[in-house]
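Reviewing the structure listed below.
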Amino acid sequence: MVRVLRDLLRFNRQFALGAALLMVVIAVAAASAFSPYSPNDSYVVAPDMPPGWTYPLGTTSRGQDVFWLASFAIRNSLLFGVSVALLSRCLSLLIGLTAGYAGGLVDRVLMSINDTFIVIPLFPILVLFYFVMRDRMSWVLLALVMAGLGWAYDARLIRSVALGLRVRDFTETAIFSGMSPWQILAQEHLPYVLPIVFATTMNNVNWSIGLEVTLSVLGFTDINTPTIGVTIYWANQYSALIAGIWWWIAFPVALVVIAFIGLFLLATSMNEYIDPRSRLERLGP
């Protein structure tokens, strides 16, 4: 996997640009560790100040520095997206590899469950979940629910690759050498699906952040944990655009858009690498 990433950085400008954009966002998120203010403190600076030398990104109507607020918000949004993506990747890998390797009845049962999750309407369920768990709604709880609902598409993709791997010569050699099914999946099949997992992880992070922003703007999440969506929610509560305080929304939205573009470029570059024809055209034999 390290060699794949090295080749993409060297020969694929799209991947390099995506990595650079993502590093900018990560740098802003890392700056939150040096913030002089707590993210939930209000009226620590003069409110409604436009961007200038004192406050480069301006301040909010709640007396918060937009730069430090945005750094906390993008940090939490990225952590949320990565948490959902990693948890759902574990589920998709476990189910996809197991279904593809086992085949038969196991495959049919797992894919029936998988298809059920594919057709479930996620947004209405998450809204209903908020109303049921309103008093106990938290960032962690929402991430667990979204991870439990967001693995099905990628599990089917991994299973399609695993179906081909189980009839390859090296799989039969591993079986005859006495390796257990779990050893075969972990040592022989997993390396073949890691590029696919990387690409789907980037897409899943984008999906998770986008859905979290949508839910937060509507007030269907924990509004006490600063994320990009929660930042926009509070800006709407104070009618920021109507009052002309555009910077309260503009800079956090710009950060999340840069993150979306960076993750999208990384995912499409990896998809291109997975395709042998496009990889040979770009990297050579």
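The values are calculated or read from the model by the stated rules, or taken from the named source; none is laboratory data. In this text, all values refer to a predicted model and were calculated from it rather than measured experimentally. Cβ placement follows ideal geometry from the backbone for every residue including glycine, while neighbour counts extend to all protein chains displayed. Calculation scope for accessible area: heavy atoms of the full protein, side chains included, ligands and nucleic acids excluded. Shrake-Rupley method; radii C 1.70, N 1.55, O 1.52, S 1.80 Å.
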Sole residue being out of contact with any His (no Cβ under 7 Å at 6 or more places or on another chain), touching a residue at least 24 places away in the same chain (Cβ under 8 Å) and closer than 30 Å to Ile242 by Cα, chosen from Leu93, Leu69
Leu69
Among residues belonging to region 48-60 that are open to solvent by less than 60 Å² (accessible area, probe 1.4 Å) and out of contact with any Phe, Trp or Tyr (no Cβ under 6 Å at 6 or more places or on another chain), point out the one that is nearest to Trp151 (Cα to Cα).
Thr59
Could you count how many residues in region 115-149 are under 14 Å from Leu218 (Cα atoms) and not hydrophobic (A, V, I, L, M, F, W, C)?
3
Val197 vs. criteria part of a helix (DSSP H, G or I), closer than 25 Å to Leu57 by Cα and not acidic (Asp, Glu):
no
In region 216-226, which residue that is farther than 15 Å from Leu126 by Cβ and within 19 Å of the chain's Cα centre (by Cα) is least open to solvent (accessible area, probe 1.4 Å)?
Pro226
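Yes or no, residue by residue, for (1) of a type in the set (Phe, Trp, Tyr); (2) under 28 Å from Pro124 (Cβ atoms); (3) in contact (Cβ under 8 Å) with a residue 40 or more places away in the chain:
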site: Ile175; (1), (2), (3): no, no, no
site: Met179; (1), (2), (3): no, no, no
site: Ile184; (1), (2), (3): no, no, yes
site: Leu190; (1), (2), (3): no, no, yes
site: Ile196; (1), (2), (3): no, no, yes
site: Asn203; (1), (2), (3): no, yes, yes
site: Trp207; (1), (2), (3): yes, yes, yes
site: Leu211; (1), (2), (3): no, yes, yes
site: Thr214; (1), (2), (3): no, yes, yes
Taking into account only those residues within region 245-285 that are modelled with pLDDT of 90 or more and assigned to a loop (DSSP other than H, G, I, E, B), which is surrounded by the most Cβ atoms within 10 Å (Cβ to Cβ)?
Ile245
